[in-house]
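Student: Input: one structure, supplied below.
Please treat every number below as a calculation from the coordinates, not as lab data. Bear in mind that the values here come from a model prediction, so they are computed numbers and not experimental data. All Cβ positions, even for glycine, are placed from backbone atoms using ideal geometry, and neighbour counts span all protein chains on display.
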Amino acid sequence: MRSIADVQLTDAEHVRLAGHALAEAAAGRLRPVIGQVYPLEQAAQAHAAIEGRGLLGKVLLSTRRARRAGDPEPPRPRP
């Protein structure tokens, strides 16, 4: 390998690989690694954690409020 150009993909390769990745995701064969979930109110802390590079996996911001005693069970995702 001599330069970055040696590892660049053509537009057709990008389209082919993106289509393959989307098909795998739709079939449920891709599972993202979720490292941390922050409530939306803690977006600044989430951003700091990403910048600190101390996390493994994806960082998510949640708009859902925390469950409280007496809340019904959330629906379970289908396998």
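Student: I need the phi-derived Karplus couplings for segment 14-31: 6.51 cos²θ - 1.76 cosθ + 1.60, θ = phi - 60°, integer Hz, Gly and Pro marked x.
Tutor: Karplus values, whole Hz, x for Gly and Pro: 4, 4, 5, 5, 5, x, 5, 4, 5, 5, 5, 5, 4, 7, x, 9, 10, 10.
Student: Suppose the chain between ALA5 and LYS58 were pulled fully straight at 0.36 nm per residue; how much longer would it get relative to their current alpha carbon spacing?
Tutor: 16.2 nm
Student: Output ³J(HN,Hα) for segment 7-12: one whole-Hz value per residue in order, computed from phi by the Karplus curve 6.51 cos²θ - 1.76 cosθ + 1.60 with θ = phi - 60°, and x for Gly and Pro.
Tutor: Ordered by residue, 3J(HN,Hα) equals 10, 7, 9, 6, 4, 5 Hz.
Student: Count charges around ALA18 for me, please; just the other residues with Cβ under 15 Å from its Cβ, Lys/Arg as +1, Asp/Glu as -1.
Tutor: Working: positive: ARG16; negative: ASP11, GLU13, GLU24.
Neighbour charge sum, excluding ALA18 itself: -2.
Student: Moving to a separate point now. Name the shape class, rounded, prolate or oblate, that the alpha-carbon gyration tensor gives for segment 1-48, where a ≥ b ≥ c are the square roots of its eigenvalues, rounded holds for a/c under 1.5, and otherwise prolate holds if a/b is larger than b/c and oblate otherwise.
Tutor: oblate
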